[in-house]
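First comes the structure, then the notes that go with it.
Bear in mind that the values in this text are calculations on the coordinates, not laboratory data. Here the structure is a predicted model, which means the values were calculated and not measured. When we count neighbours, we look across all protein chains shown, and the Cβ atoms used for this are built from the backbone with ideal geometry, even at glycine.
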Amino acid sequence: MAKQNKTIITCAVTGAIHTPTMSDALPYRADDIAGQAIAAAEAGASILHLHARNPEDGSVSLDPDHFGAFLPRIKQASEAVINISTGGSLKTTIEDRIAPALGFSPEMCSLNMGSMNFSFHPLAKRHEEWKFDWEKEYVANSDSYIFRNTFADIEKVATTLGPHQIKFEHECYDVGHLYNLKFCMDSGLFKPPVFIQFIFGILGGIGPEVDNLIFMKRTADRLFGDNYIWSVLGAGGAQMGLATTASQLGGNVRVGLEDSLFITRGQLAEHNAQQVAKIRRIIEDLGSQVASPDEAREMLDLKGSDRVNF
Ligand code: KMH
Ligand code: ZN
């Protein structure tokens with residue numbers, strides 16, 4: 001891995017897994033997404049990973065107008081790097097998934113590095129009453145969902161968005177995804193240093209054990225040498241523990257309500273910034289420093305916020 005002195009905190013503000021019934025804190029209106037994103041940046045997040053939601057019912061949206069309702073406000077109020085998801089949701093094509101990043105040309109966007117089961121159906125059993133009609137079916141039906149990210153899809157994202165100097169957050173949910181990334185790099189699709197998000201604890205991906213984190217990192221060291229920068233996302237209850245371990249091993253971290261609705265076992269987070277403040281406190285208490293947005297830009301070789309399209 002590339003040597004680094006400071007820790008980048010990414011905050012993933014709302015995502016496409018959780019639904020409004022699961023937590024009142026999950027933002028889905030533009031005001032709330034913008035407000036929580038700005039507060040997360042003030043608390044120490046240098047990258048904001050963003051999905052859009054339909055403001056009427058909180059369902060996942062790829063409508064550029066829904067992104068356009070919060071992106072300029074966040075940019076105006078914060079220096080943070082904006083990263084737009086290309087993950088989509090249960091029923092979206094790769095073209096729909098690319099469209100928001102293509103239109104807004106952010107400094108970063110996500111790129112999922114393999115097809116897989118991606119399920120959160122067990123969450124459907126936790127609630128009797130739902131705030132909105134779509135929620136229960138959306139969550140329950142994720143047991144039949146294949147998260148499609150074929151080599152052709154990956155190439156399409158790379159060749160459509162790469163020319164806009166958008167840096168990818170390579171989402172790797174299992175060790176095979178690192179080999180997919182290596183293959184793509186060897187084919188010339190991505191330039192080093194690549195930014196790899198090691199993801200643990202999604203049902204369908206590798207589990208959230210420290211052994212697996214070490215395994216992923218060792219494998220990435222072998223495949224990419226100094227040509228990569230890494231970060232860790234632990235889903236659900238694994239969030240803070242794995243982020244702490246990653247930061248101690250010289251990696252970067254991702255928190256946010258997309259990945260976990262909790263601040264500690266059994267207690268819902270009040271907002272995204274609470275999770276950012278907690279991991280920042282841990283990182284600093286253990287003797288490291290968090291990277292500012294401009295330091296993150298330098299580490300990741302980003303194009304700069306003056307070259308986005310919002
Ligand atoms: N929801 C995370 C586990 C994306 O947006 O492209 C992974 C993610 C995918 O953030
Ligand atoms: Zn995401």
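Values computed for the structure shown
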quantity: Antiparallel DSSP beta bridges within the chain, percent to nearest 5; calculated: 20 percent
quantity: Relative contact order [Cα under 8 Å, 6+ residues apart], the chain, whole percent; calculated: 26 percent
quantity: The chain shape via C-alpha gyration tensor axes, a/c threshold 1.5; calculated: rounded
quantity: Rel. contact order, % - alpha carbon contacts under 8 angstrom, at least six apart, segment 45-200; calculated: 21 percent
quantity: Extension gain (nm, one decimal) between N5 and E95, 0.36 nm per residue minus Cα-Cα; calculated: 28.6 nm
quantity: Estimated FRET transfer efficiency when R0 is 35 angstrom, pair I146-E270 (beta carbons, to 0.05); calculated: 0.50
quantity: E79 versus Q165: modelled label distance in nm, points set 7 Å from Cα along the beta carbon direction; calculated: 1.9 nm
quantity: Alpha carbon centroid spacing (whole Å) that separates segment 208-286 from segment 72-151; calculated: 20 Å
quantity: Cut-off 9 Å between beta-carbons: net charge of the residues surrounding M108, Lys and Arg +1, Asp and Glu -1; calculated: -1
quantity: For segment 1-107: rounded, prolate or oblate by the Cα gyration tensor [a/c cutoff 1.5]; calculated: prolate
quantity: Three-way shape label, segment 190-310, alpha-carbon gyration tensor, a/c 1.5; calculated: oblate
quantity: Theoretical gain in end-to-end length, D294 to R29 [0.36 nm per residue, Cα-Cα removed]; calculated: 92.6 nm
quantity: Computed E for Y179/E129 - FRET, C-beta separation, R0 41 angstrom, nearest 0.05; calculated: 0.40
quantity: 19 Å Cα-Cα reach of K182 towards lysines, excluding residues that sit fewer than 8 places from it in its own chain; calculated: K156, K167, K191, K217
quantity: Computed FRET value (nearest 0.05) for L249 with R307, which takes r as the C-beta separation and R₀ as 35 Å; calculated: 0.60
quantity: Pairs of Cα atoms farther than 16 Å apart, segment 54-148, %; calculated: 63 percent
quantity: Qualifying trypsin sites (Lys or Arg not before Pro) for segment 26-88 [loop in DSSP, other Cβ within 10 Å: at most 16]; calculated: R29
quantity: 222 nm mean residue ellipticity, helices alone, for the chain (DSSP H n ≥ 4; -39,500 (n - 2.57); rounded to 500); calculated: -11000 deg cm²/dmol
